[in-house]
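The structure appears below as structure tokens.
What follows is calculated from the coordinates using simple rules that are stated; it is not laboratory data. All values derive from a computational prediction rather than experimental measurement. With ideal geometry, Cβ positions are generated from the backbone for all residues, glycine too; neighbour counts draw on all protein chains shown.
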Amino acid sequence: MTGDGPPSAAGVRHGRHTARWIAGLVLVVAAGLIAVLGTRPPATATEVFTPLLGKAAPGITGTTVSGGSFDLAADRGRWVVVNFFASWCPPCQQEEPELITFAFQHRGARDAALVGVDCCGDATASARGFLASSGATWPAVIDPGGQIALQYGVRDPPETFLVSPSGIVVAHIDGAVRATFLDQQIAAAKKAGL
């Protein structure tokens, strides 16, 4: 025989068996990739240019997600971290424990304050639930028409601005921040006399 006839039953079984092994291997590799990507730390935050650098921070006044009121001017004399976030944003969710660490480390010294701005079409109830479930204790201002985000030039959350005790924007950070990075930014601004 020359092998020109139909494949044997044993050959078909062998081919199916090989195909199953290959499919299983592909599934294992895909699951591993998903696990690695899903558990890796947030992308590194980077300081980016903003036309606001060296200028007075735009005012932030309004109602917070908890129903209170907020005015950025009341925090004059302290460093203020202004964090634009949305509850649906995965990098915002990843950075939340870092913001909680930062707020906790500075609560006694009262040298730095944190304020969130709920932006980018986020529902207030969703933001309230997100902050409550994470244990955030700082005020988060509702930005229903996106006017605050527009004044700061925010494109996509999370974006963070560091405002000096004199009310000047000294840094603009794009991406999920870490508490240590915020402390480094404050230290650098202090060293520069800002």
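Some observations on this one:
- Summary of the geometry: the range 138-189 and the range 69-115, compared by the centres of their Cα atoms, lie 9 Å apart.
- Spacing of the modelled spin labels on ALA74 and GLN105, each 7 Å from Cα toward Cβ, amounts to 2.6 nm.
- Backbone amide hydrogens, once placed in the peptide plane, bring GLY167 within less than 5 Å of GLY77, excluding anything fewer than 5 places away on its chain.
- When the alpha-carbon atoms of the range 46-191 are used, the pair Rg, Dmax equals 13.6, 41 angstrom.
- Residue separation of ARG155 and SER66 scaled by 0.36 nm, minus their Cα-Cα distance, works out to 29.6 nm of gained length.
- Under the Debye formula (equal points on every Cα, no solvent term), log10 I(q)/I(0) of the range 80-153 at q = 0.12 Å⁻¹: -0.30
- Residues whose amide H comes within less than 5 Å of that of GLY62, counting only those at least five positions distant or on another chain, are PHE70 (H built at 1.01 Å from N in the peptide plane).
- Alpha carbon convex hull of the range 137-194, volume per residue in cubic angstrom: 106 Å³
- Summing charges over all other residues whose Cβ lies under 15 Å from the Cβ of THR180, with Lys and Arg as +1 and Asp and Glu as -1, gives -3.
- Gain on full stretching of the segment that runs from VAL48 to GLN147 - 0.36 nm per residue minus C-alpha separation: 33.5 nm
- Two-site FRET efficiency, ALA125 against THR180, from Cβ-Cβ distance with R₀ of 30 Å, rounded to 0.05: 0.40
- Modelled spin labels at ALA132 and ALA188, positioned 7 Å past Cα toward Cβ, are 3.8 nm from each other.
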